[in-house]
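Input: a single structure, listed below in structure tokens.
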């Protein structure tokens, strides 16, 4: 190798000397190339003209990069990349990895070399070689011990055995294995569950099937239908089923032996006592025909009523007798030891009830009857009754043509309903207006009358007709009045009578512990009481009271006209009551039939001596004349509102310690007095005592003087002198007029009373 390099170097130097010489030769007449360096793929370039000249220099390579070229025989040559000059002709290939499909590839030249690789992967079975994991081709041998499937097939040997063979490769696993499974019958042997071949002996009969005819039943072989003669049994009803129509008796084999059809209704029946009421039709009977058949033959059925006073059974009908409840019993006996059957149900016999919305006004609870009841019931006695008021029920009793036990309010009408029954029908009167007592005659007032045993009467009393005392025969007693005796009151200073209700005495604040006498409402309802005689009397009510300012007893909507009182020296004379407190007088007209010239002391509307609470509203009092003699300064009263009252306390004075006077509390609203002047010109005083005179507001205003004036001993109209000590006052809201005509000009209507010159008339 060293020799080769020395030879090549000598050749190079020779070429260089020739060029130089050539360039010099041309110098005498032409250009000689010089300079440049030749390479393996480029000649030298003249430094002066730039043209290539000379030869290539195979030893001077332009690149050091080598290229490997396969020789196709497991070797490759090495070549300079710049000029393809071979530096080495053969070099053994190396690197790469051979597979079963490809030889190894040289890591330098990339050419295949050597042999193919072996197959790898996969697992051989009894019927399949291993499959190469690279190329997917089978290789190697079968593995008789590795079966591809766990399934077996069975090959019958027809001797009660079979061979057990691997399904995958038909290799026998077990020889002469005994057959098993299957069930032998009376017609066939058992069939092996594996190989399907019959084996063994025939089986016995299977008597699990039932055979039957009209008379009996038996067991049959379910395979060959052979009858077991030992099992033949006659039919009998041992199983009973309940149906909508009755019962079915079945044999144990399912054959129907007995059919019972029951048509025996046992539902509640509602009947009525009468067939017609108020245009309505009601059922008083109902057809009832129970039927029971056994295999088409009817049984005997007994029907009876537990109370034939309420309902009876006859002619296949249940018939109402009277209101009530009866138990109907139905009995019959069933065959086949089924026993006796009893069924019961209720029959309700009702009384038809009509709701009547007719307004029943002025029902008197004390009387316990009304004309409309007679119209509805006639002679039929009421057997049951109740009142319904504000959701509460009150049981009523009926006896002697009267309903007792009704509840009524004492200060208002009682709008309620009544439910009334006879033996056969009833009415609900839904619009009844009841009162404690409805007054149509003077005799009706007896229920208000106080007695020694009835010192208090409570309730709402209403008039439904005028009362004319002038047409009543009082057995010759022209001075008849309701009360001529003292009745109990609640006056702590009273000393008599001995029968006073001590529990009714006033409390320390001058209010009663409880009301006494007449308590509630007396409602004239626009009617008149004519010709009442008030002389020598304790008044129309005797004693009247409420329980306090918030609970006043009321006198209202009534006219007392033509009140009479004969002349005389009476100790007491009262229009309404001798003892009274907590009373309201509302919408009332009062007139007198004769003058009062001869009337003396102690004649008044109320005899209220002590603690009194009153209210007057819409009241008209008409006096036909004014007494001159009775209006003297020394008299106690002149037809006033009250007899001796605690006037000193009332008018703001303090009574001496030795006098018991409760303060009088009275409210006056719309009070009108019609009283002419006396013949001596004196003005009518509304109340008088020996120290005080009270006038109407309009009369007092005419005096045009201070409230306090002095009077002489004979003239009651106030004069300005110092001869007397009488004090003069007036009531607000109280007015006096000489005549009705004069009053009508000022006010033609007071409450419901129409005022005119000709008289006073009620206008509802």
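Quick note: the coordinates plus some simple rules give every number you see, no bench work behind them. Just so we're clear, the structure is a prediction, and the values are computed from it rather than from any experiment. Because the Cβ atoms are built from the backbone with ideal geometry, glycine has one as well, and the counts that use them run over all protein chains shown.
Some observations on this one:
- Sites residue 464 and residue 327, calculated FRET efficiency, Cβ-Cβ separation with R0 60 Å, nearest 0.05: 0.75
- Cα centroid separation, the range 121-164 to the range 260-281: 92 Å.
- Zone of residue 402's modelled label, taken as backbone nitrogen in the range 352-383 under 15 Å from a point 7 Å along Cα→Cβ: 364-370
- Hypothetical label at residue 375: residues of the range 396-418 whose amide nitrogen lies under 17 Å (7 Å Cα-Cβ projection): 418
- Computed lengthening from residue 174 to residue 315, 0.36 nm per intervening residue step minus Cα-Cα distance: 41.4 nm
- In the range 66-113, Cα pairs under 8 Å separated by at least six residues give a relative contact order of 32 percent.
- Full extension of the chain between residue 451 and residue 242 yields a length gain of 67.5 nm, computed as 0.36 nm times the residue separation minus the alpha carbon distance.
- Using the Cβ-Cβ distance between residue 336 and residue 266 with R0 set to 30 Å, the FRET efficiency from 1/(1 + (r/R0)^6) comes to roughly 0.85.
- The slack in the chain from residue 443 to residue 56, taken as 0.36 nm per residue of separation less the alpha-carbon distance, amounts to 121.7 nm.
- A simple spin-label model places pseudo-atoms 7 Å from Cα toward Cβ; at residue 593 and residue 120 they are separated by 15.5 nm.
- Residue 224/residue 138 FRET efficiency (R0 51 Å; Cβ-Cβ; nearest 0.05): 0.30
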